[in-house]
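Chemist: Attaching a single structure in structure tokens format; questions to follow.
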Amino acid sequence: MEMILIIAIPLAFILLLAGFLVVAQVSGFVQSTYFNNRQRLSNTIIQQYVEKIALAQTQIFQRSKQLEVLSGKLSLSNQELAQLNDMKSKFLSMAVHDIRTPLASIRGFGELLIKKKMGEKEDKYLHHIVSATNQLNRLISDLTDLAMIEAGKLKMEKAIFNFPEMAKDILPGISINAQKKGVELMVRNSPDGIVVDGDKFRLSQVLMNLLNNAIKFTPVANKVELFFKQEGKYITTFIKDSGIGIHPTETKKIFGKFYQAKYQKDEKLRKQGWGLGLSISHEIVKSHNGEIGVTSRGLDKGSTFWFKIPLEKNSAIIS
Ligand code: ADP
């Protein structure tokens with residue numbers, strides 16, 4: 001019996017160990033097969049991604065080549081455009097110069113003949129000729145200013161001067177326009193001691209443009225008001241009219257070159273201008289480190305144009 005026990009216990013032990021080893025081997029095999037499969041799948045996915053990245057890189061390379069070609073073409077067209085722009089500016093200043101001289105003689109002879117009192121009908125025609133030459137002269141000076149702005153040659157000749165005095169100087173001429181049109185021009189205030197360092201001729205051009213526009217776009221028997229406000233280190237000039245007003249979407253656009261408001265219905269008024277005055281005024285005010293703008297409550301509700309320029313730095317600030 002003892003003998004049997006001595007042999008059976010180690011034998012059972014050995015059998016148990018062998019069984020354990022077999023189970024361990026089989027489960028290890030299953031595990032490694034599972035991991036191998038996953039590894040293969042991941043490798044395939046990575047391979048696909050690598051291929052996609054390679055394809056994308058080739059496409060990016062092709063696109064960047066195309067982009068290079070396009071930017072080459074663009075810089076060529078930019079050069080051509082700059083040349084064309086230069087030619088346009090030169091043509092404009094030459095044409096303007098050549099038109100001025102004959103126009104001055106047409107106007108001169110027209111005025112001479114008016115003085116000769118040739119007859120009622122003839123006088124009427126001659127007045128038409130003179131007023132048409134005046135209109136052309138205005139266009140020519142606007143085009144000259146535009147050419148100078150585009151060439152960066154519109155220089156301000158600054159000097160210190162009394163700002164409201166400058167306004168007083170131009171008012172007699174403007175009042176005549178207002179009277180002819182049948183619009184009342186009111187100057188609400190003219191503050192003393194407001195001194196600015198600016199180009200008197202150019203700033204009076206801005207004021208004249210805004211006042212003439214206000215008269216032009218205001219119906220007969222209505223009024224245009226001019227007033228000034230000193231705000232801190234600035235003087236702001238207001239030109240308020242009770243005219244045809246401006247649509248809210250156009251209050252900024254009208255300061256662009258050749259822009260005339262599209263919502264305004266009066267074709268006749270539009271034909272009297274070229275949409276240049278405000279853009280030139282904007283440039284002049286900008287050259288004085290100032291601002292220009294308009295507020296309007298809408299069509300047929302009048303407009304208030306304003307421009308603001310800094311006072312001369314030693315000018316007394318009256319609060
Ligand atoms: P122009 O008067 O010669 O057309 P401007 O540059 O002076 O050119 O003005 C541009 C446009 O702005 C005008 O055509 C008009 O549509 C609008 N505008 C200017 N001033 C007034 C105003 N006081 N009231 C209403 N619209 C105005």
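Chemist: Which pairs turn up if I take residues in segment 122-147 that are farther than 20 Å from Ser89 by Cβ and in contact (Cβ under 8 Å) with a residue 24 or more places away in the chain and look for partners that are small (Gly, Ala, Ser) and in a helix (DSSP H, G or I) with beta carbon separation below 9 Å, at least 6 apart in sequence or on another chain?
Modeler: Here the result reads Thr133/Ala104; Thr133/Gly110; Asn137/Ala104, each pair linking segment 122-147 to a residue that is small (Gly, Ala, Ser) and in a helix (DSSP H, G or I).
Chemist: State the number of residues belonging to segment 148-183 that are in a loop (DSSP other than H, G, I, E, B) and among the charged types (D, E, K, R). Show your work before the answer.
Modeler: Initially, segment 148-183 is screened for residues in a loop (DSSP other than H, G, I, E, B), giving 151-158, 182-183.
Among the residues that remain, those that are also among the charged types (D, E, K, R) are: 153, 155, 157-158.
Looking only at that region, the number is 4.
Chemist: Every residue in segment 214-227 that is buried (at least 22 other Cβ atoms within 10 Å of the Cβ), within 8 Å of the ligand (Cβ to nearest atom) and assigned to a helix (DSSP H, G or I), please.
Modeler: Once the filter is applied, which keeps residues that are buried (at least 22 other Cβ atoms within 10 Å of the Cβ), within 8 Å of the ligand (Cβ to nearest atom) and assigned to a helix (DSSP H, G or I), segment 214-227 yields only Ala214.
Chemist: Residues of segment 239-256 being free of Cβ contacts under 8 Å to residues at least 40 places away in the same chain and either near the ligand (Cβ under 8 Å from one of its atoms) or more than 16 Å from the chain's Cα centre (by Cα) (or both), which ones?
Modeler: Of everything in segment 239-256, those that are free of Cβ contacts under 8 Å to residues at least 40 places away in the same chain and either near the ligand (Cβ under 8 Å from one of its atoms) or more than 16 Å from the chain's Cα centre (by Cα) (or both) turn out to be Glu250, Phe255.
Chemist: Yes or no: segment 104-114 includes at least one residue that is hydrophobic (A, V, I, L, M, F, W, C), modelled with pLDDT under 90 and loosely packed, with under 12 Cβ neighbours inside 10 Å.
Modeler: No: zero hits.
Chemist: Looking only at segment 58-75, decide whether some residue is within 30 Å of Gly152 (Cβ to Cβ), polar (S, T, N, Q) and under 40 Å from the mean Cα position of the chain (by Cα).
Modeler: Scanning segment 58-75, I find at least one residue that is within 30 Å of Gly152 (Cβ to Cβ), polar (S, T, N, Q) and under 40 Å from the mean Cα position of the chain (by Cα), so the answer is yes.
Chemist: Of everything in segment 263-284 that's in contact with an Asp or Glu (Cβ under 7 Å, 6 or more places away or on another chain) and either part of a loop (DSSP other than H, G, I, E, B) or free of Cβ contacts under 8 Å to residues at least 40 places away in the same chain (or both), which residue is farthest from the ligand (Cβ to nearest atom)?
Modeler: First, the residues of segment 263-284 that are in contact with an Asp or Glu (Cβ under 7 Å, 6 or more places away or on another chain): 263, 274, 276-277, 280.
Those left that are additionally either part of a loop (DSSP other than H, G, I, E, B) or free of Cβ contacts under 8 Å to residues at least 40 places away in the same chain (or both): 263, 274, 276.
Numbers: Tyr263: 9, Trp274: 5, Leu276: 5 Å.
Per the stated criteria, the residue is Tyr263.
The values are calculated or read from the model by the stated rules, or taken from the named source; none is laboratory data. Predicted model, so just to flag it, every value in this text is computed and none were measured. Because the Cβ atoms are built from the backbone with ideal geometry, glycine has one as well, and the counts that use them run over all protein chains shown.
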